[in-house]
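Readers should treat all values here as calculations from the given coordinates under stated rules, not as data from a laboratory. What you are looking at is a predicted structure, and each value in this text was computed from that prediction instead of being measured. Here Cβ is always computed from backbone atoms with ideal geometry, including for glycine, and neighbour counts include all displayed protein chains.
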Amino acid sequence: MTSQLAEPQRTRQLPAGRGRGPGTLLAAVPQRAGRCPVPGCREQIDPSRLMCRSHWYRLSKELRDLVWATWRSGEGVLSSEHREAVRRAIAAC
């Protein structure tokens, strides 16, 4: 049993390619659907998404690209650059 704990954990590969988000099966613990963070929007969203589809595509392409670029396949999700990009995206809606 302890030998299993000592083994290095394998990381899961994220889907690659344009427009493919992290999907819904990345978290070990199931997550409930959330709500779009745009004030007044009651749309339920998957926890892997920033906002509902309608609001996401109302953002400029440049702002959507900035959110994706700072996310860096999940590695940058806690970075200050990503948090700022998310804040700007929500404020833009």
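Amide H to amide H, which residues 5 or more places from Ile45 or on other chains are under 5 Å from it, using H placed in the peptide plane?
Close amide H contacts, sequence-distant or interchain: Gly34, Arg35, Cys36.
Which value, in debye to the nearest 20, gives the size of the charge dipole of segment 32-93 about its Cα centre, when Lys and Arg are +1 and Asp and Glu are -1 at the Cβ?
Dipole of segment 32-93, to the nearest 20 debye: 260 debye.
Can you find, among Leu66, Cys52, Ser79, the residue farthest towards the positive end of the dipole of segment 32-93? Put +1 on the C-beta of Lys and Arg, -1 on that of Asp and Glu.
Cys52
Just to check I understand the Karplus step: with θ = phi - 60° and J = 6.51 cos²θ - 1.76 cosθ + 1.60, what whole-Hz values come out for segment 44-53, glycine and proline as x?
Karplus values, whole Hz, x for Gly and Pro: 7, 10, 5, x, 7, 9, 7, 7, 5, 4.
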